Amino acid sequence: MLEWCEGWVFSYSEEKLESLRVDRRQLRRIINELKKWKAPATVLLSLYIPPGRPVSDVLNMLRQELSVSDNIKLKRTRSAVQRALTAAIERLSKVPKIPDNGLVLFCGEDVYTGDFICIMLIPPEKVPIYYYRTDKHFHTEFLEEMVVESNLVGLILVERDAATIGLLKGSRLQVLEELEDYIPGKHHRGGQSQRRFDRIIEQMVTEFYKRVGEHVKRQFLPLYEQGKLKAILLGGPAYSKYDFLEGDYLDYRLKKIVLPRLIDVGYQGEVGLREMVMKASDILKEQEYVDALKAVEEFKLHMAKDDGLIVYGEEEIKQALMMGAVKTLIISEDREDAHEWAELAKKYGAKPVFLSDDIPEGEWIKKTFGGLIGILRYRIGY
């Protein structure tokens with residue numbers, strides 16, 4: 001996907017052009033790579049072409065820019081800009097038609113080291129704008145919205161004096177906010193004094209629930225209106241979660257997508273959110289995060305039992321895959337070859353599960369096993 005070699009001669013058939021299509025996970029990795037590139041002058045080229053734009057129009061614009069670049073005074077800057085434009089023209093001239101989602105190009109040179117990068121890709125969503133710029137950095141902002149998952153689940157843990165708001169985004173669990181308030185416990189004096197004190201406490205709890213509802217609305221409503229937030233999972237201890245849901249604290253639009261089962265959870269923060277997600281795994285079965293948690297727990301169980309039903313090491317995993325022995329392949333999503341391993345897993349009937357750093361054991365699996373482990377259907381010998 002990352003084309004590092006200047007001067008490659010392309011001939012894009014439909015099949016070759018289709019190979020430039022990337023999914024969100026690949027796009028996230030590419031964006032991270034592009035963000036590392038900085039320049040002292042405006043030599044890094046970013047080009048966004050929406051579907052329907054004639055290739056000839058874009059090529060004419062790039063050729064005009066190449067002609068104008070002769071006027072750049074500094075030789076090093078002029079050379080770098082012309083190298084980027086030439087590479088972009090070379091690649092685009094081999095494209096018969098802009099694909100259905102559009103096309104994006106990034107080309108540029110590190111003027112200090114001479115390293116050169118040129119990437120052409122079809123993004124997972126339609127390119128929203130026709131945009132060209134040479135700058136001191138690559139303009140990835142139009143792609144960054146595309147790596148946000150479009151099947152988000154909002155997470156709310158609420159009790160009478162504490163709340164945690166989070167998001168489940170594919171294989172990632174994110175804590176957005178943690179709220180606390182001081183609310184006294186029960187008053188034991190009895191009589192009128194007790195009733196007055198109880199009313200004060202009740203009012204304080206009501207005000208806290210209102211505050212939680214406002215924060216939830218601020219975090220979730222924009223995602224709901226964009227069509228990205230599909231459901232809300234609500235949990236907490238005892239009756240607090242029911243009081244919060246039944247009261248007039250949640251925006252009516254968000255209230256409609258609260259999942260019907262409320263989850264008993266005794267903790268706040270990331271620990272509490274993770275517990276809630278696991279307890280709701282049957283109703284969140286489409287979420288990658290749940291799959292990843294379950295797969296890691298199964299791997300750890302087999303490792304503890306030493307029953308021969310795990311595999312690690314690239315060669316060992318490859319052999320086990322080719323034998324059809326791998327049931328689940330767990331892949332750290334920031335491995336450069338994560339997509340290739342996922343495709344290999346599918347080819348041999350294994351289920352690929354991507355692991356983010358948000359999973360507690362994610363860092364351990366990366367450091368200990370190189371971010372690649374497998375669970376076997378049956379024991380094998382090498």
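Read-outs throughout are calculated quantities, based only on the coordinates presented, and are distinct from any laboratory measurement. None of these values were measured; they are calculated from a predicted model. Note: ideal-geometry Cβ built from the backbone for every residue, glycine included; neighbour counts use all protein chains shown.
Pairs of Cα atoms under 8 Å, at least six residues apart: use those to get the relative contact order of region 14-147, whole percent.
Once normalised by length, the contact order is 42 percent.
Just want to confirm a number: the relative contact order over the chain, from Cα pairs under 8 angstrom separated by 6+ residues, in percent.
For the chain, the relative contact order is 14 percent.
Work through the residues other than G324 whose Cβ is under 11 Å from its Cβ and net out their charges, Lys, Arg +1 and Asp, Glu -1.
+3
Taking the beta-carbon count within 10 Å as an exposure proxy, list S46, S19, S79 from fewest neighbours to most.
Ordered by Cβ neighbours within 10 Å, fewest first: S19, S79, S46.
Return the percentage of antiparallel bridges among DSSP beta bridges fully within the chain, rounded to the nearest 5 %.
Percentage antiparallel, nearest 5: 75.
List the residues whose amide H sits under 5 Å from the amide H of I232, counting only those 5 or more places along or on another chain, with H placed 1.01 Å from N in the peptide plane.
Under 5 Å from the amide H of I232 lie the amide H atoms of G154, V258, L259, each far enough along the sequence or on another chain.
Please tell me the relative contact order of region 289-376 in percent, rounded to the nearest whole number, where contacts are Cα pairs under 8 Å and at least six residues apart.
40
What does the charge count around Y130 come to, taking other residues whose C-beta lies under 11 Å from its C-beta (Lys +1, Arg +1, Asp -1, Glu -1)?
Local charge sum for Y130: 0.
So which of K94/K347; K279/K346; K305/K351; K38/K126 end up more than 25 Å apart by C-alpha?
With Cα atoms farther than 25 Å apart: K94/K347; K279/K346; K38/K126.
Which residues' amide hydrogens lie under 5 Å from the amide hydrogen of V22, considering only partners 5 or more residues apart or on another chain, with H built in the peptide plane?
Long-range HN contacts for V22: I122.
Can you compute 3J(HN,Hα) from phi for each residue in region 259-264, using the Karplus curve 6.51 cos²θ - 1.76 cosθ + 1.60 with θ = phi - 60°, rounded to whole Hz and x for Gly and Pro?
My calculation for region 259-264 gives 5, x, 8, 8, 9, 6 Hz in order.
Of the candidates M322, M120, M278, which one comes out as most mobile in a Gaussian network treatment of the chain with C-alpha springs shorter than 10 Å?
Taking springs between Cα atoms under 10 Å, the residue moving most is M322.
Return the calculated 222 nm mean residue ellipticity for the chain, to the nearest 500 deg cm²/dmol, obtained by summing -39500 (n - 2.57) across DSSP H runs with n ≥ 4 and dividing by the residue count.
Using -39500 (n - 2.57) per qualifying helix, the result is -12500 deg cm²/dmol.
Looking at the chain as a GNM with Cα springs under 10 Å, which of R21, R274, R199 has the largest mean-square fluctuation?
Top of the fluctuation ranking is R199.
Quick one: order R76, R172 by neighbouring beta-carbon count within 10 Å, fewest to most.
R76, R172
Only Cα pairs within less than 10 Å get springs; with that Gaussian network setup on the chain, which residue of Q82, Q26, Q64 has the largest fluctuation?
Q64
All other residues with a Cβ under 14 Å from the Cβ of G236 taken together, and with Lys, Arg as +1 and Asp, Glu as -1, what is their net charge?
-4
What list do you get for F116, F197 if you sort them by fewest beta carbons within 10 Å?
F197, F116
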